[in-house]
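FYI, it's all coordinate maths here, none of it is from the lab. Since the model is a prediction, treat every value here as computed from it, not as a measurement. As a convention, Cβ positions derive from the backbone with ideal geometry for all residues, glycine included, and neighbour counts pool all protein chains shown.
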Amino acid sequence: MKRDSFLTSLERDAEMDKSLRPDISETPIKGVRSNIVQSIRAFRVQDLQDSARALGQHFLYANLSAAQSKQDVLDLIAQQFMLPNHFGKNFDALYDCMTDPVHKSGPQPGFIVVLEQIPATAKFDKEAREQLLDIFRDTADYWGERKIPFRCFYSFL
């Protein structure tokens with residue numbers, strides 16, 4: 001009996017928590033598809049962070065302005081996303097860290113990711129930038145298959 005009333009209480013709390021969260025139509029990202037990688041354009045980082053908080057989603061932010069090379073980019077992402085120490089610091093390892101272990105850790109509410117000031121240098125050229133964005137596109141597809149929103153916004157330096 002106590003167990004039933006406890007579950008009912010938990011369910012009630014969860015329902016109340018849902019009703020306190022705004023619908024996505026009440027946030028600045030209301031017109032943004034749920035699984036996409038796109039230029040940050042008119043969005044402000046603070047608005048994206050506020051949207052993630054309001055929707056109960058994870059917010060991941062990396063400022064890459066100090067990066068000059070692929071290794072610098074991966075180091076900064078690992079540091080700012082707080083990736084595990086065993087992160088292999090290559091694009092495949094980045095994809096792996098953004099998908100499978102997170103999925104296995106339990107239900108996920110969604111993600112809003114910001115990659116700000118991706119470098120445009122000789123050591124991180126157009127091909128490297130596209131490879132980086134492809135990792136996040138693949139990650140968006142991975143979460144999309146699981147019906148979990150994953151929105152990634154980026155800007156170039």
Review point. Which three lengths, in whole Å and largest first, does the range 35-124 cover when its Cα atoms are put on their principal axes?
Key: 38, 34, 19
Review point. Which value, in debye to the nearest 20, gives the size of the charge dipole of the range 84-157 about its Cα centre, when Lys and Arg are +1 and Asp and Glu are -1 at the Cβ?
Key: 220
Practice item. Calculate the spin-label point distance for ASP125 paired with ASP141, positioning each point 7 Å from the Cα along the beta-carbon direction, and give it in nanometres. Key: 2.5
